[in-house]
Amino acid sequence: MQFQQLQYFVAVAETRHFTRAAELVHVAQPSLSQQIKALERELGADLFQRARGNITLTDAGEALLPLARRILADTETARYEVQELAQLRSGRVRLGATPSLCTGLLPDVLRAFHDRYPGIRLMIEEGGSHDLVRELARGALDLALVVLPLPTPSPALTTVELLREDLVVVSSPEAPRPGTGRRTVRIADLEGERLVMFRHGYDLRELTVAACRAEGFEPDFAVEGGEMDAVLGFVRAGLGMAVVPRMVAARSGRGLRVTPLARPGLHRAIALAHRSDVAPPRAARELQRMLLER
């Protein structure tokens, strides 16, 4: 029994017409008829009752039809899966992430992914969660690392929480310690301190400002409007202190004093998001797996 014979059989069964079936599978009608007859000889039973202008399935044909459809479907699935695996040798993944996550979380994961799949191009877009959600919705990204809760919750997106991250205060080692010199600092201790603040649209900006206001004061900005690297550079230069993720502080190297926040502290939830209506490409799903298993 040949795969091609099953294709021809299903085509005739669905069209109930040999000529139309031949057109459907792009073969000459005599060739199709010969293959059907060969299949019937092998099975030892007629599959069709042929009458002028009327082709119907025999009992044998009725029994074979669902099995043939299943075989064809399984074959198509096998072809698709193999092609998907082959795509891991080439292709691209479009990943969006907030700048702090590009600095803290992604380097190690992307290095491991690149080592395993060197043929996959990694296209990274930095932005705030609001911008990344918009880019996901319009299909410009395959995956995005965003901060929860989303600025505008969308049922069109699926999010899976990845980690909860502590925030810390960074300052220049040459500057006085924040607060009263304790090993930890409270948000209330930042009142009157000069802060280096991120640009509008940064999740860290909104979170820090909200925490200060919850303690009854407005933060005092020495410099504002920077990206992550600029903020860390300004802090090293002694222009002020900043509230940043612990992972970023750990990767920042020398030139920064890191002071934990006193309990309950400040935290943020990081999630991996993708569109709900479209499955990410195979390569993107593999990167998703590596991020979730990190």
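The values are calculated or read from the model by the stated rules, or taken from the named source; none is laboratory data. Quantities reported herein were computed from a predicted structural model and do not represent experimental measurements. Here the Cβ positions follow ideal geometry from the backbone for every residue, glycine too, while neighbour counts run over all protein chains shown. Just the protein is used for accessible areas: all its heavy atoms, side chains included, with ligands, DNA and RNA removed. Shrake-Rupley method; radii C 1.70, N 1.55, O 1.52, S 1.80 Å.
Regarding Leu88, is this residue touching a Phe, Trp or Tyr at 6+ places or on another chain (Cβ under 6 Å), surrounded by 13 or more Cβ atoms within 10 Å (Cβ to Cβ) and modelled with pLDDT under 85?
So Leu88 fits the description; yes.
Of the residues making up the stretch 117-157, those that are crowded, with 16+ Cβ neighbours inside 10 Å and in a strand (DSSP E or B) are Glu126, Leu143, Ala144, Leu145, Val146, Val147, Leu148, Leu157. Among the residues of this structure, Leu106 counts as one that is open to solvent by less than 80 Å² (accessible area, probe 1.4 Å), under 30 Å from Val231 (Cα atoms) and free of Cβ contacts under 8 Å to residues at least 40 places away in the same chain. Taking the listed residues Arg205, Arg164, Arg177, Arg199, the one that is of a type in the set (Lys, Arg) and buried (at least 18 other Cβ atoms within 10 Å of the Cβ) is Arg205, with no other qualifying.
For the stretch 48-79, taking the residues that are in contact with a strand residue (DSSP E or B) (Cβ under 7 Å, 6 or more places away or on another chain), farther than 12 Å from Gln7 by Cα and open to solvent by less than 90 Å² (accessible area, probe 1.4 Å), the one that is modelled with the lowest pLDDT is identified as Ile55. In the stretch 13-29 there is at least one residue matching the filter, namely being farther than 30 Å from Arg121 by Cα, within 39 Å of the chain's Cα centre (by Cα) and at pLDDT 90 or above. If you go through the stretch 249-263 and keep only what is in a loop (DSSP other than H, G, I, E, B), touching a residue at least 40 places away in the same chain (Cβ under 8 Å) and of a type in the set (Gly, Ala, Ser), you end up with Ser252, Gly255, Ala262. Look at the stretch 11-33: where a residue is of a type in the set (Val, Ile, Thr), no partner that is part of a loop (DSSP other than H, G, I, E, B) sits 6+ places away or on another chain with Cβ atoms under 6 Å.
If we scan the stretch 230-240, do we find a residue that is open to solvent by 20 Å² or more (accessible area, probe 1.4 Å), touching a strand residue (DSSP E or B) at 6+ places or on another chain (Cβ under 7 Å) and of a type outside the set (A, V, I, L, M, F, W, C)? So far as the stretch 230-240 goes, no, none of its residues is open to solvent by 20 Å² or more (accessible area, probe 1.4 Å), touching a strand residue (DSSP E or B) at 6+ places or on another chain (Cβ under 7 Å) and of a type outside the set (A, V, I, L, M, F, W, C).
One residue stands out among those in the stretch 243-266 that are of a type in the set (A, V, I, L, M, F, W, C), at pLDDT 90 or above and touching an Asp or Glu at 6+ places or on another chain (Cβ under 9 Å): the one that is surrounded by the most Cβ atoms within 10 Å (Cβ to Cβ), which is Leu261.
With respect to Ala283, determine if the residue is closer than 19 Å to Ala211 by Cα, open to solvent by less than 30 Å² (accessible area, probe 1.4 Å), among the hydrophobic types (A, V, I, L, M, F, W, C) and outside any loop (DSSP other than H, G, I, E, B).
Values: closer than 19 Å to Ala211 by Cα: no; open to solvent by less than 30 Å² (accessible area, probe 1.4 Å): yes; among the hydrophobic types (A, V, I, L, M, F, W, C): yes; outside any loop (DSSP other than H, G, I, E, B): yes.
In short, no.
For the residues Leu162, Leu195, Leu190, Leu207, the requirement of being in contact with a strand residue (DSSP E or B) (Cβ under 8 Å, 6 or more places away or on another chain), modelled with pLDDT of 95 or more and not small (Gly, Ala, Ser) singles out Leu195.
Within the stretch 177-190, residues that are free of Cβ contacts under 8 Å to residues at least 12 places away in the same chain reach partners that are open to solvent by less than 40 Å² (accessible area, probe 1.4 Å) and assigned to a loop (DSSP other than H, G, I, E, B) with beta carbons closer than 6 Å, at six or more positions or on different chains, in the pairs Asp189/Pro178; Asp189/Gly179.
When restricted to residues that are in contact (Cβ under 8 Å) with a residue 60 or more places away in the chain and aliphatic (A, V, I, L, M), the stretch 192-215 contains 2.
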